[in-house]
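One structure below.
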Amino acid sequence: MEQILQQIAIYQADIAAAQATDANALEEFRIKYLGTKGIVKVVMGQMKDVPNEQKREFGQILNAFKELAEQKYDDLKLQAQAAPAQAQANTPDFSLPGHPLHMGSLHPLTIIRNKMVDIFKRLGFAVAEGPEIEDDWHNFGALNLPPNHPARDMQDTFYISQNPDWLLRTHTSNVQIREMMKGKLPLRVVMPGRVYRNETISARAHCFFHQIEGLAIAENISFADLKQTLYFYVREMFGQDVKIRFRPSYFPFTEPSAEMDISCLICGGKGCNVCKHSGWVEILGCGMVHPNVLTNCGIDANKYTGFAFGMGIERVAMLKYQVKDLRLFSENDVRFLRQFAGAV
Ligand code: PHE
């Protein structure tokens, strides 16, 4: 029954859109819908499979459908007769049914990225982007990962076969290097973009995802600035009650390095599946820019200090919208995407 109703809805749309520009098109419509083997006959034939208690309701639907097809045929007949005269007059017929326009919506990752960028802009950060196909130096070397550095294994890399020096960037930190190399200080910039890692695709991992990188370089920048910047971001993004904590970590390009957790948005810190019953969810890596990185980019490491952070955009979108499977973000299933219509 459900299936037949769905099918009828499709036919209804088809009927509504039908046009009869000439006698042939009109006859085609008649055969398709009202002919002896036409759709109306076929649909009426479904009546016998309908359970008795639903026959009355279903019968009404079928009759309405039949009338719709007949009425449309009459309309088309008039239209076809008028068509030659109309063509002569060369004026559009505004009474013809229009084609419905579907409203699009922003992709959830775009919505989250825009929110992030807006928050950092309010703190005076500029926005920059860089290439997704990168050379080894910008993605690794300049970031204090010399060849054979074990930390290169942290990020499984896709290399480009034509040139062993080229790769798909594994993080947005390459843009840090490009911004520092421009030589304009002080620097306060966020850098959103897509990154690639050779990972097996699952609900929790993908071979590409998105990050936003932050970098601030000036005289006298300290870890306190980093903390306060991130605390501001977190409260703007997730609400004033969210707590943060820093755990010591390791990245070759920052020293000291930390990972930052926020209190779990789902359970408020009590413990649930999302936070694996710890009450905390990791959202980013950060630290003070390593002096070697500054030196590699021609910046005087005795005069300048800076902080950097990098976070996954999918992770935040999953937390905010309670999306359980990372793959949904790249499958482009409109049933998923439509739910974000109207969100900004
Ligand atoms: N690039 C790191 C990553 O992809 C994140 C990071 C950025 C850490 C900047 C520290 C400073 O995991």
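The values are calculated or read from the model by the stated rules, or taken from the named source; none is laboratory data. Everything numeric in this text was worked out from a predicted model, so none of it was measured. For neighbour counting, all protein chains shown are included, and Cβ atoms are generated from backbone atoms with ideal geometry for every residue, glycine included. Heavy atoms of the whole protein, side chains included, go into the accessibility calculation; ligands, DNA and RNA do not. Shrake-Rupley method; radii C 1.70, N 1.55, O 1.52, S 1.80 Å.
In segment 328-335, is there at least one residue being open to solvent by less than 70 Å² (accessible area, probe 1.4 Å), within 16 Å of the ligand (Cβ to nearest atom) and of a type outside the set (Gly, Ala, Ser)?
no
For segment 210-227, enumerate the residues that are open to solvent by less than 10 Å² (accessible area, probe 1.4 Å) and within 26 Å of the chain's Cα centre (by Cα).
Within segment 210-227, ILE212, GLU213, GLY214, LEU215 meet the criteria.
So if I check each of LYS48, LYS115, LYS37, which one is among the basic types (Lys, Arg), touching a helix residue (DSSP H, G or I) at 6+ places or on another chain (Cβ under 9 Å) and part of a helix (DSSP H, G or I)? Full working, then the answer.
Working: LYS48 fails: touching a helix residue (DSSP H, G or I) at 6+ places or on another chain (Cβ under 9 Å); LYS37 fails: part of a helix (DSSP H, G or I).
Exactly one residue qualifies, and that residue is LYS115.
Write out, first by first residue and then by second, each pair whose Cβ atoms fall under 7 Å of each other, whose residues are 6+ apart or on separate chains, and whose first residue, in segment 246-262, is open to solvent by less than 40 Å² (accessible area, probe 1.4 Å) while the second is near the ligand (Cβ under 8 Å from one of its atoms) and among the aromatic types (Phe, Trp, Tyr).
SER257/PHE251
Could you check how many residues of segment 76-103 are small (Gly, Ala, Ser) and at pLDDT 85 or above?
2
How do the pairs read when you match residues in segment 150-173 that are over 10 Å from ASN198 (Cβ atoms) and among the aromatic types (Phe, Trp, Tyr) with residues anywhere that are assigned to a helix (DSSP H, G or I) and within 16 Å of the ligand (Cβ to nearest atom), using Cβ under 9 Å and keeping only pairs 6 or more apart or on different chains?
Taking only residues 6 or more apart or on different chains, the pairs are TRP166/ASP136.
For the condition surrounded by 15 or more Cβ atoms within 10 Å (Cβ to Cβ) and either in contact (Cβ under 8 Å) with a residue 12 or more places away in the chain or closer than 21 Å to ARG204 by Cβ (or both), what is the one hit in ALA301, ALA343, ALA308?
On the way: ALA301 fails: either in contact (Cβ under 8 Å) with a residue 12 or more places away in the chain or closer than 21 Å to ARG204 by Cβ (or both); ALA343 fails: surrounded by 15 or more Cβ atoms within 10 Å (Cβ to Cβ).
Unique residue meeting the criteria: ALA308.
Determine which single condition LEU230 fails, assuming it passes every other condition in (1) open to solvent by 40 Å² or more (accessible area, probe 1.4 Å); (2) among the hydrophobic types (A, V, I, L, M, F, W, C); (3) within 16 Å of the ligand (Cβ to nearest atom).
(1)
Just to verify a result, which residue in segment 147-191, among those that are hydroxyl-bearing (Ser, Thr, Tyr) and within 14 Å of the ligand (Cβ to nearest atom), is surrounded by the most Cβ atoms within 10 Å (Cβ to Cβ)?
First, pick out the residues of segment 147-191 that are hydroxyl-bearing (Ser, Thr, Tyr): 157, 159, 161, 170, 172-173.
Narrowing the set further to residues that are within 14 Å of the ligand (Cβ to nearest atom) leaves 157, 170, 172-173.
Values: THR157: 16, THR170: 21, THR172: 25, SER173: 28.
It comes out as SER173.
Select, from ARG204, ARG194, the only residue that is within 13 Å of the ligand (Cβ to nearest atom), open to solvent by 80 Å² or more (accessible area, probe 1.4 Å) and farther than 20 Å from THR254 by Cα.
On the way: ARG204 fails: within 13 Å of the ligand (Cβ to nearest atom).
Of the residues listed, the single one that is within 13 Å of the ligand (Cβ to nearest atom), open to solvent by 80 Å² or more (accessible area, probe 1.4 Å) and farther than 20 Å from THR254 by Cα is ARG194.
For segment 131-179, which residues satisfy the criterion of being in contact with a strand residue (DSSP E or B) (Cβ under 8 Å, 6 or more places away or on another chain) and modelled with pLDDT under 90?
Listed by number, the list holds a single entry, ALA151.
Residues are listed down the side, and each one gets a yes or a no for (1) near the ligand (Cβ under 10 Å from one of its atoms); (2) within 28 Å of the chain's Cα centre (by Cα); (3) at pLDDT 95 or above:
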| residue | (1), (2), (3) |
| --- | --- |
| THR254 | yes, no, yes |
| GLU259 | yes, yes, yes |
| ILE262 | no, yes, yes |
| ILE266 | no, yes, no |
| GLY285 | yes, yes, yes |
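Residue under question is LYS32, and the condition is that it be of a type in the set (D, E, K, R), part of a helix (DSSP H, G or I) and open to solvent by less than 70 Å² (accessible area, probe 1.4 Å); does it hold?
So LYS32 fails the test.
Could you tell me which numbered condition HIS290 fails, if it satisfies all but one of (1) near the ligand (Cβ under 10 Å from one of its atoms); (2) in contact with a helix residue (DSSP H, G or I) (Cβ under 9 Å, 6 or more places away or on another chain); (3) open to solvent by less than 20 Å² (accessible area, probe 1.4 Å)?
For HIS290, the exception is condition (3).
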